[in-house]
Each structure stands twice: as C-alpha cells, then as structure tokens.
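Accompanying notes for the structure given below.
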Amino acid sequence: MANQPQKRKISFSGIQASGDIHLGNYLGAIKNWVALQEQYSGVYSIVDMHAITVRQDPKSLRDNTLRAYALMIACGIDLNKSIFFIQSHVPAHAELAWALGCYTPFGELGRMTQFKDKSAKGEDNINAGLFTYPILMASDILLYDADVVPVGEDQKQHLELSRNIALRVNGIYGNVFKVPEAFIPKVGGRIMSLADPTKKMAKSDDNPKAAIALLDTKDVIMKKFKSAVTDSEAEIVYREGKDGINNLLTIYSIVTGKDIPAAEKEFSGMGYGVFKPAVGEAVADFLAPIQKRFDELYGDKAQLEQIYRENAQKAAEESGKTLRRVYDKIGFVPR
Ligand code: TRP
C-alpha cells in the first residue's frame, strides 16, 4: 500500500565471544553495527554455535557469552532499532545450516582460506564443524533476508560463499533468498596488535599486551599503550612502513573523531613518549562510559535474562518465517 511505511533494509552480523572483546573488534566491527542502525534494521548475534568449532570450557563459554551480550549493548546496540540475540537460542540457524549444506559443494568449502590456514597449522581438533562453519554463517545471514553484512576483510570469502549458496538455491527454486552484500569499512577495518603492528589485533594473541580489551582498566590501558611497539624514527606521521605509528594514529583518530591529518598536526614535533600515553588517555576516556553501562547491565542478571529471552523470541519469529519458506520450496511436508 502506498501509504505504508517503507520496510527498512536489514543489516546482519555476528561476533564470537570466545575471549574478551577488544578494541579491534569494536573499531573494526561493532562500531559499524551501531552506525548502521540509523539506516537499517539491525539483526545482530553472539554466535556461540560458531565458537564451539574450537574446544571451549563450558563455564567460560557461558560467562563470555553473557559478558559479550551485555558489553555489546553497552557499546550502543539499540534494542529499539535492532534484534540482538544469542545464536544457540534460535533453532532455525542449525536447521537451515543442515539444509544449506546439501546445496554447498564440498570443493567450495575446501577453498576457504580460513579453513586451509587452520588445518595447515596441524592442530589436533580439525573437526567437521570447522569445515562447515561457513554454511552456518550463510544460514545466519540468509534467515533474516539481510541486505548488508558488516564484516572484516577476513570474512569476505565466507560472505562470498553465502552469496553463492543463496544464488544457487534461488537458481533451483526461484526467489527464496535475498542475496546479501558485504559492508567492509575502509578505515578502522584493521586495527593492529600493539605488540606487533604487522599483525591484526586478536583475542587469540599469546602476548597480553597485543590487544586492549574493552573492559581493561585505565591503568592496564596506559601500560599497554606506553609499551606499544613503534619504530626507531621520531616522526608522528601516517606513512608506509610506519605500522606502529599508523595504527596508533588510526586508533586515536577513531576514538576522538578527529581525522588523521588533524591528529598528525596535533602531535607534530612531539616525541613518541608523549604520543603513546596520549593515545592511551583518549582510549580510556572513550571506554569509560561503555564500561559504566556494562557494569549496570551485567550487574542486573534478571534484567539481562529478560532482554536476551525477548530478543531470542523476536529472532525466532523472523527466522522461522524464512525457514518455513525454504522447507516449503524444498518439498518438506508442513509441520
Ligand atoms: N564468522 C564470523 C567471524 O568469525 C562471525 C559470524 C558468524 C558472522 N556468523 C556471521 C559474521 C554472520 C557476519 C555474518 O568473525
């Protein structure tokens, strides 16, 4: 109907909560999830089912999931604009993943570089879930008719696979799935390790100084920035080859909202000994209100439980519709 409000487009993304969520996750991913809520209806998830492709301690998985859930809301996921749920609470994900697996050639999965890298490391738990993981990711996305999927560069190939699966199923049965687009941020997409700025900031890093957890205390943040690896020059400029300084300038620019040239100007002529703690201060100031909000949310378990249940319910409704549509096309007898 002409006077009906236009349905907002959908932004979908998921994050694993297998460790502490860090600044790289925030600047590279969560920040975009939050920004996209202005234009899109968000559907966002803590993907605990993806997390078990590597062995998890049950108590840690439960704690990390709940902490991440509260932390993401503290970061700005707005429950009036987005549905935000815990993946294992919504059964359609596993169900659709089974079906989509039957439309995904083995060889296509075998080409996924993340799987190849992980299996090449010769770890002892190369399980089938690690191999079929991109199918579950495709299910996450396709269940909500997502238009855009904000992801980091490392997930581009998985997103491409999701698109291929959608196109293949559409090719067989007609229009079943919306074919999603990746949304890959230009700036902030890659926040690097503070200990080795040629490597991405990662939860899995053995060096505790590599990453700034969003819940790190100011003291810890300052220490980590003061010991951030830079270079042997003395110039605070963004330039090829200055990975450490480039990373610090990027972080500073994002948390303060100033652009890189403005940041360069602000610190021109100063030494790294002044610059590094200044970035630390800016990050600590930026994180303070997020940490405060987290404490409130995480401190009230009854309220938190009510929120995630309500959101799982909403997600189940939306995804249930898609699953029924797919089952119908496939030829399953209606329940
Ligand atoms: N695979 C993503 C990662 O490891 C997480 C993820 C799971 C995801 N499902 C998703 C991201 C759906 C985007 C859309 O980072």
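Things to note:
- Assigned charges on the beta-carbon of Lys, Arg, Asp, Glu; the chain dipole about Cα centre (debye): 680 debye
- Order of Ser88, Ser204, Ser319 - criterion: other Cβ atoms within 10 Å of each residue's Cβ, fewest first: Ser204, Ser88, Ser319
- Placing unit charges on the Cβ atoms of the charged side chains and taking the dipole of the chain about its Cα centre, the candidate lying farthest along the positive direction among Pro134, Thr230, Tyr26 is Pro134.
- The shape of the chain comes out prolate: with a ≥ b ≥ c from the C-alpha gyration tensor, a/c is at least 1.5 and a/b beats b/c.
- A dipole drawn for the chain from +1 and -1 charges on Cβ atoms has a positive end, and of Gly299, Phe286, Ser162 the residue lying farthest that way is Ser162.
- Neighbour-count ranking [beta-carbon atoms within 10 angstrom, fewest first] of Asp57, Asp140: Asp57, Asp140
- Our estimate of slack between Lys258 and Glu38, defined as 0.36 nm per intervening residue step minus the Cα-Cα distance, is 77.1 nm.
- The mean sequence separation of alpha-carbon pairs under 8 Å and at least six residues apart, normalised by the residue count of the chain, gives a relative contact order of 21 percent.
- This ranking places Phe115, Phe12 by how few other beta-carbon atoms lie within 10 Å of each, fewest first, which gives Phe115, Phe12.
- Taking 0.36 nm per residue of sequence separation and removing the Cα-Cα distance, the Asp206/Glu281 pair yields an extension gain of 24.5 nm.
- Once both labels are positioned 7 Å from their Cα atoms along Cα-to-Cβ, the gap between Lys292 and Lys226 label points is 2.6 nm.
- Amide N of region 20-61 lying under 19 Å from the label point, which is placed 7 angstrom from the Cα of Glu317 along Cα→Cβ: 41-45
- Student exercise, region 82-210 dipole from Lys, Arg, Asp, Glu Cβ charges, in Debye to nearest 20: 280 debye
- Efficiency of FRET between Val237 and Lys156 - r from beta-carbon atoms, R0 30 angstrom, step 0.05: 0.50
- Rounded to the nearest 20, the Cβ-based charge dipole of region 186-335 about its Cα centre (Lys and Arg +1, Asp and Glu -1) stands at 680 debye.
Each value in this text was obtained by applying a stated rule to the coordinates, not by laboratory testing. Note that the coordinates shown come from a computational prediction; the quantities given were computed from them, not determined experimentally. Every residue, glycine as well, gets a Cβ built from its backbone with ideal geometry; the counts of neighbours run over all protein chains shown.
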